[in-house]
Amino acid sequence: MRLPVVLLVVLVGSGCVALKKYEALESDFRQTEQSLAEKERAILERNQEIASFEARVRGLETRVADLDAALVRKKAELDEMNARQASLLVDKGRLAADVTSMRQALAELQARRDAAEAQLAAYRDLLSRFQRLIDAGTLRVKIVDGRMVVELATDVLFPSGSAELSPEGKAAIEEVARVLAGIPDRHFQVEGHTDDVPIRTPQYPSNWELAAARALTVVRTMIAAGMSPARLSAASFAEGKPVVANDSREGKQANRRIEIVVVPDLSELPGYDELQAIGAGGS
């Protein structure tokens with residue numbers, strides 16, 4: 001059966017409209033699909049960017065952690081270096097103090113050495129000056145407690161129990177005085193010594209008085225021979241400083257003596273300036 005033409009036309013028209021709508025829908029679908037694909041690509045790219053960013057962030061966090069660890073190590077090293085520097089400064093101060101002390105010690109040692117050499121030279125000079133009297137057995141020169149001493153036996157100088165010089169003794173003392181007067185800037189102490197045999201006389205109640213009288217006699221004889229009184233002094237030791245035991249005739253004879261001591265010059269000793277300063281402060 002054939003459809004009427006009008007109906008056919010209507011159907012064809014409706015089909016065309018529907019086709020156009022389908023084509024439009026299909027076009028919209030394709031556009032939507034394309035837009036969706038583009039969005040998915042954009043999302044994928046964004047995800048990739050995010051993943052890359054996160055990887056960079058993790059790398060930076062690792063780097064920051066490494067830097068923090070390195071900073072801690074550097075700080076520890078700096079603290080150690082500061083401690084070492086402080087220790088070195090302390091050591092440097094101690095070393096400087098040690099160097100100063102060593103220099104002072106060396107200076108004092110040199111001063112002592114110079115003083116010892118000067119004393120040795122003075123001793124040799126004294127020996128040479130008294131060589132004739134030494135050879136004659138009149139006296140001897142010795143070192144006692146670091147001091148130069150001219151020793152004369154009282155048996156040569158004085159009769160037993162007396163403080164009067166014998167002629168030979170007076171001559172010997174006068175010659176000694178002339179020699180000592182030629183030694184400049186020195187002072188001398190005349191010391192009287194006895195043995196342990198007691199003496200009890202109105203003039204000399206004990207060995208102290210006898211030894212003192214003998215020392216003073218020698219001092220007066222030296223002054224008369226030209227020695228300056230300002231350079232002389234006298235002392236008595238009685239039997240208090242024997243050179244040997246008094247248990248034999250020879251020992252007693254050795255202990256009966258006159259000693260003329262060369263008084264040390266304190267200004268030549270190390271530390272004299274300090275002693276002077278202390279003495280000035282104490283006064």
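Only one residue of 128, 149, 95 has its Cα farthest out toward the positive end of the dipole of the stretch 45-162, where Lys and Arg carry +1 and Asp and Glu -1 on Cβ, and that residue is 128.
Using a cutoff of 8 angstrom between alpha carbon atoms and counting only pairs six or more residues apart, the relative contact order for the chain works out to 17 percent. Straight-line cross-link partners of residue 39 among the aspartates and glutamates, defined as a Cα under 17 Å from its Cα and at least 8 positions apart when in the same chain: 28, 49. Once the gyration tensor of the Cα atoms in the stretch 133-220 is diagonalised, the equivalent ellipsoid follows with semi-axes of 23, 15, 13 Å, ordered largest first. Here is what passes the span test in the chain: the DSSP H helices with alpha carbon length of 24 Å or more along the helix axis and a Kyte-Doolittle mean of -0.5 or above are 5-129, 207-224.
On the basis of the beta-carbon distance and an R0 of 41 Å, residue 84 and residue 243 show a calculated FRET efficiency of 0.05.
With the convex hull of the Cα atoms taken as the outline of the stretch 165-215, the averaged projected area works out to 4.4 nm².
In this view, the solvent-accessible surface of residue 79, computed with a 1.4 Å probe and all protein chains in place, comes to about 80 Å².
The residues neighbouring residue 65, those whose beta-carbon lies less than 13 Å from its own, together hold a net charge of 0 under the Lys/Arg +1, Asp/Glu -1 convention. Looking at the chain, the accessible area is 69 square angstrom per residue; that uses a 1.4 Å probe and ignores ligands, DNA and RNA.
Max-minus-min Cα coordinates of the chain on each principal axis give 200, 40, 37 Å, with the largest extent listed first. By accessible area, using a 1.4 Å probe on protein heavy atoms only, the chain has 59% of its surface on carbon and sulfur. Largest GNM mean-square fluctuation across 97, 83, 65, computed for the chain with C-alpha springs under 10 Å, falls on 65.
Residue farthest toward the positive end of the dipole of the chain, with Cβ of Lys/Arg at +1 and Asp/Glu at -1: which of 82, 219, 171? About the Cα centre, the residue reaching furthest to the positive side is 82. Near the amide H of residue 199, within less than 5 Å, lie the amide hydrogens of 207, all on another chain or at least 5 residues away, with H placed in the peptide plane. Protection proxy ranking for 246-259, 49-62, using the average of other Cβ atoms within 10 Å per residue and placing the highest first: 246-259, 49-62. Normalised by residue number, the volume inside the convex hull of the Cα atoms of the stretch 6-75 is 39 Å³ per residue.
Considering only 182, 118, 204, the residue lying farthest towards the positive end of the dipole of the stretch 83-217 is 118, judged by Cα position with unit charges set on Cβ.
Amide hydrogen proximity for residue 188: with H placed 1.01 Å from N in the peptide plane, the residues at 5 or more positions away or on another chain lying under 5 Å are 232, 233, 263. Build a GNM of the chain with springs between Cα atoms under 10 Å apart, and of 233, 14, 101 the one that fluctuates most is 14.
The values are calculated or read from the model by the stated rules, or taken from the named source; none is laboratory data. Given the structure is predicted, the values throughout are model-derived calculations rather than measurements. Cβ: placed from backbone, ideal geometry, glycine included. Neighbour counts: every protein chain shown. Surface areas here come from the heavy atoms of the whole protein model, side chains and all, with no ligands, DNA or RNA. Shrake-Rupley method; radii C 1.70, N 1.55, O 1.52, S 1.80 Å.
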